[in-house]
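**Student:** Below you will find the structure I want to go over with you.
The values are calculated or read from the model by the stated rules, or taken from the named source; none is laboratory data. Every value quoted in this text rests on a predicted model; they were computed, and no experiment measured them. Using ideal geometry, Cβ is built from the backbone for each residue, glycine included, and neighbour counts are taken over all protein chains shown. Surface areas here come from the heavy atoms of the whole protein model, side chains and all, with no ligands, DNA or RNA. Shrake-Rupley method; radii C 1.70, N 1.55, O 1.52, S 1.80 Å.
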Amino acid sequence: MSNTKSKIAALAARWVVEEGLEYGSAKRRAVKQLALNGRAGLPSNDEVEEEVKAYLAVFCADTQPHELLALRRLAWTWMTRLAAFRPYLTGAVWRGTATKNSDVYIQLFCDDSKSAEIALIDDHVRYEVRSVTGFTGETVDALSVHAFCRELNEEIGVHLMIYDFDDLRGALKPDGQGMLMRGNIQALQNLMESEAL
């Protein structure tokens, strides 16, 4: 990684951890903060994630494991609640780099794209609908909920991305480092149990 990319990645990692920014937003903000031109080569998300891990190890080693476990428990609760829609956890909570400033991202693979929304309405859950770019590159609906996390004593954003059931086949491929990008309820349960040992 070039010196410029390294600086961008380190600065972006700080904002990812301290403010809960997404990688793309954090990289753009780092470019602006460093007064680089718009053509500056950006580090990859994997490079930023490595800097996030390093930042967590130095500055958050005493608090981050507890915060991560609390967020994973919150995710497990929502995934269990929405089990009929084949939920998969993704993002920092799945990958182990989340802090109390991170949101929870759950992908739902539905037979009917409106069924999850109807379930939230039936359960009297308030949510906002927005459109986001999904992992397939296409626009998908995200149902955003504010969920109270008792362990952290604060509201956490839980974002439910709605996918077609057929998208699940392509979702289970590992990334370039051999890590799965998402995990179902059982995978999350296994992860929490293995880290408790």
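**Student:** Starting from the Kirkwood Rh over alpha-carbon pairs, what translational D in µm² s⁻¹ does the stretch 131-197 have by Stokes-Einstein at 37 °C and 0.692 mPa s?
**Tutor:** Estimated diffusion coefficient is 228 µm²/s.
**Student:** When the Karplus curve 6.51 cos²θ - 1.76 cosθ + 1.60 is applied with θ = phi - 60°, which whole-Hz ³J(HN,Hα) does each residue of the stretch 135-141 get, with x for Gly and Pro?
**Tutor:** My calculation for the stretch 135-141 gives 5, 7, x, 8, 6, 10, 7 Hz in order.
**Student:** Starting from the Kirkwood radius over alpha-carbon pairs of the chain, derive D by Stokes-Einstein at 4 °C in a medium of 1.567 mPa s and give it in µm² s⁻¹.
**Tutor:** Answer from the Stokes-Einstein relation: 73 µm²/s.
**Student:** Would you please give the residues with an amide H less than 5 Å from that of G134, counting only those at least 5 places away or on a separate chain, with H modeled from the backbone geometry?
**Tutor:** T139, V140
**Student:** Here's a follow-up. Identify which of P43, P65, P174 has the largest mean-square fluctuation in a Gaussian network model of the chain, with springs joining Cα atoms closer than 10 Å.
**Tutor:** Judging by the Gaussian network model, the answer is P174.
**Student:** Okay, moving on. Where nothing but the Cβ of Lys and Arg (+1) and of Asp and Glu (-1) is charged, how large is the charge dipole of the stretch 2-121 around its Cα centre, in debye to the nearest 20?
**Tutor:** Here the stretch 2-121 has a charge dipole of around 260 debye.
**Student:** Given the options N3, G176, M79, identify the residue whose Cα lies farthest towards the positive end of the charge dipole of the chain (+1 on Cβ of Lys, Arg; -1 on Cβ of Asp, Glu).
**Tutor:** The Cα lying farthest towards the positive end belongs to N3.
**Student:** Can you find, among T136, F109, A54, the residue farthest towards the positive end of the dipole of the chain? Put +1 on the C-beta of Lys and Arg, -1 on that of Asp and Glu.
**Tutor:** Of the candidates, A54 comes out farthest on the positive side.
**Student:** Quick one: which residues, 5+ away or cross-chain, put their amide H under 5 Å from the amide H of C149? H built at 1.01 Å from N.
**Tutor:** Under 5 Å from the amide H of C149: E154, E155, I156.
**Student:** Carbon and sulfur: what percent of the chain's accessible surface (1.4 Å probe)?
**Tutor:** In the chain, the share of accessible area belonging to carbon and sulfur is 50 percent.
**Student:** OK, next. Could you let me know the centre-to-centre spacing of the stretch 123-197 and the stretch 1-57, using Cα atoms, in angstrom?
**Tutor:** 23 Å
**Student:** A follow-up question, please. Indicate, rounded to the nearest 5 percent, the antiparallel portion of the DSSP beta bridges found entirely in the chain.
**Tutor:** Bridges in the chain that DSSP calls antiparallel: roughly 75 percent.
**Student:** Skipping prolines and chain starts, which residues have an amide H placed within reach, meaning under 5 Å, of the one on L21, given they are 5 or more residues away or on another chain?
**Tutor:** V16
**Student:** Turning to a different aspect of this structure: So how many Lys-Lys pairs in the chain land under 20 Å Cα to Cα, not counting same-chain pairs under 8 apart?
**Tutor:** Summing the qualifying lysine pairs gives 8.
**Student:** Mind telling me which of N45, N184, N37 comes out most flexible in a GNM of the chain, alpha-carbon contacts under 10 Å?
**Tutor:** Largest GNM mean-square fluctuation: N37.
**Student:** How many Å² of accessible area per residue for the chain, probe 1.4 Å?
**Tutor:** Per-residue accessible area for the chain comes out at 55 Å².
**Student:** Moving on to the next point. How big is the charge dipole of the stretch 136-182 about its Cα centre, in debye rounded to the nearest 20, if each Lys and Arg gets +1 on its Cβ and each Asp and Glu gets -1 on its Cβ?
**Tutor:** With Lys and Arg at +1 and Asp and Glu at -1, about 200 debye.
**Student:** Same structure, new question: Just how much of V31 is accessible, in Å², when a 1.4 Å probe is used and the result is rounded to the nearest 10?
**Tutor:** Spelled out: V31, probe radius 1.4 Å, area about 20 Å².
**Student:** In deg cm²/dmol, rounded to 500, what helix-only [θ] at 222 nm does the chain give when every DSSP H run of at least 4 residues adds -39500 (n - 2.57) and the total is split over its residues?
**Tutor:** After summing the helix terms and dividing by the residues of the chain, the value is -14000 deg cm²/dmol.
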